[in-house]
Amino acid sequence: MEKLKLGAEKLGLKLKERQLKQFEVYYQELIEWNKRINLTAITSYQDVQIKHFLDALTVTLALRGPIASLIDVGTGAGVPGLPLKIILPEIKLVLLEATAKKAAFLHHLKEKLALDNVEIVVGRAEEIAHQQQYRQQFDIALARGVAPLPTVVEITLPFCAVGGSFIAQQKGAISQEISQATRAISLLGGKLAEVIKVDLEEFADERQLIVISKVSPTPKPYPRRPGIPSKRPLLP
């Protein structure tokens, strides 16, 4: 895990031996399970270290102050949530995944990595976000590559407590996407806080973290029923 270790140091993170072993186990299990179910197209040892693990750890650039709880919406193979849990073991983590087979992998991985205080929820974000035990309960909500920003704001911001933040990992030019998301951000109770450039030589493409603060409660109708946020996004 040398590439991950060196990349993490550039983020100000010194990975412990136990954490590096956990990442090693994560990689081995990911590749083994990927033979049976489609978890990732990225499989080489070097690429997983950079494009999955290090990419997840870049989220730490946007974390401000102590974080007690985090939800990863549409987590897939557990990224970015599980890599962040490995380096921040004290947080309460919820992994939300709509596909039962992927959730089975996450349950297996949680045991293999000996992680406490990790809950795996199977379901659609549009429905889970209306359940009392998850709605507006988290300091941080994350989503990586789930949907365009106007859609992902609607399905993710309802999970954030007022005073919390939604952090979106985005690639490429984003000014137009942010502009298209202004109505959704406002309607859902958010406010654009900052855009943080991820400036690491490990990533050849342009990457940013879009940080949206939750400044007021999300109105009850949102998110709308499954599929609607992507079919009819809340555009300006």
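Only one of these is crowded, with 16+ Cβ neighbours inside 10 Å and either part of a loop (DSSP other than H, G, I, E, B) or not polar (S, T, N, Q) (or both): Leu6, Leu30. Name it.
Going through Leu6, Leu30 in turn, just one is crowded, with 16+ Cβ neighbours inside 10 Å and either part of a loop (DSSP other than H, G, I, E, B) or not polar (S, T, N, Q) (or both): Leu30.
Conditions first: (1) among the β-branched types (Val, Ile, Thr); (2) in contact with a helix residue (DSSP H, G or I) (Cβ under 8 Å, 6 or more places away or on another chain); (3) touching a residue at least 24 places away in the same chain (Cβ under 8 Å). Val195 passes all but one, so which condition is the exception?
(3)
Among the candidates Ile91, Ile120, which residue alone is β-branched (Val, Ile, Thr) and either touching a His at 6+ places or on another chain (Cβ under 6 Å) or at pLDDT below 95 (or both)?
Testing whether each residue is β-branched (Val, Ile, Thr) and either touching a His at 6+ places or on another chain (Cβ under 6 Å) or at pLDDT below 95 (or both) leaves just Ile120.
Could you identify the single residue in Ala56, Ala100 that is modelled with pLDDT of 95 or more and either within 22 Å of Met1 (Cβ to Cβ) or in contact with a helix residue (DSSP H, G or I) (Cβ under 9 Å, 6 or more places away or on another chain) (or both)? Don't jump to the end; show me each part of the working.
Numbers: Ala100 fails: either within 22 Å of Met1 (Cβ to Cβ) or in contact with a helix residue (DSSP H, G or I) (Cβ under 9 Å, 6 or more places away or on another chain) (or both).
From the options Ala56, Ala100, the qualifying one is Ala56.
Report yes if Thr43 is among the polar types (S, T, N, Q) and over 18 Å from Asn117 (Cα atoms), otherwise no.
Details: among the polar types (S, T, N, Q): yes; over 18 Å from Asn117 (Cα atoms): yes.
Yes; evaluated as a whole, the condition is true for this residue.
Which of the following residues is out of contact with any Ser or Thr (no Cβ under 9 Å at 6 or more places or on another chain), within 17 Å of Leu82 (Cα to Cα) and not in a helix (DSSP H, G or I): Leu20, Leu39, Leu13?
Of the residues listed, the single one that is out of contact with any Ser or Thr (no Cβ under 9 Å at 6 or more places or on another chain), within 17 Å of Leu82 (Cα to Cα) and not in a helix (DSSP H, G or I) is Leu39.
Determine whether segment 173-187 contains at least one residue that is in contact with a Gly (Cβ under 6 Å, 6 or more places away or on another chain), farther than 20 Å from Arg232 by Cβ and either at pLDDT 95 or above or among the small types (Gly, Ala, Ser) (or both).
No, every residue in segment 173-187 fails to be in contact with a Gly (Cβ under 6 Å, 6 or more places away or on another chain), farther than 20 Å from Arg232 by Cβ and either at pLDDT 95 or above or among the small types (Gly, Ala, Ser) (or both).
Can Arg232 be described as over 19 Å from the mean Cα position of the chain (by Cα) and under 22 Å from Arg124 (Cβ atoms)?
yes
I'd like to verify a number: residues in segment 42-58 that are part of a helix (DSSP H, G or I), of a type in the set (Val, Ile, Thr) and without any contact (Cβ under 8 Å) to a residue 24 or more places away in the chain, how many?
Final tally of qualifying residues: 1.
Inspect all residues belonging to segment 110-123 and state whether any of them is within 22 Å of Val215 (Cβ to Cβ) and of a type in the set (D, E, K, R).
No, because not a single residue in segment 110-123 is within 22 Å of Val215 (Cβ to Cβ) and of a type in the set (D, E, K, R).
When the residues of segment 55-81 are filtered to those that are more than 23 Å from Asp205 (Cβ to Cβ) and not polar (S, T, N, Q), which remaining residue is nearest to the chain's Cα centre (by Cα)?
Ile71
The values are calculated or read from the model by the stated rules, or taken from the named source; none is laboratory data. For clarity, every value in this text was computed on a predicted model and none was experimentally measured. Heads up, the Cβs are rebuilt from the backbone with ideal geometry, glycines too, and the neighbour counts pull from every protein chain shown.
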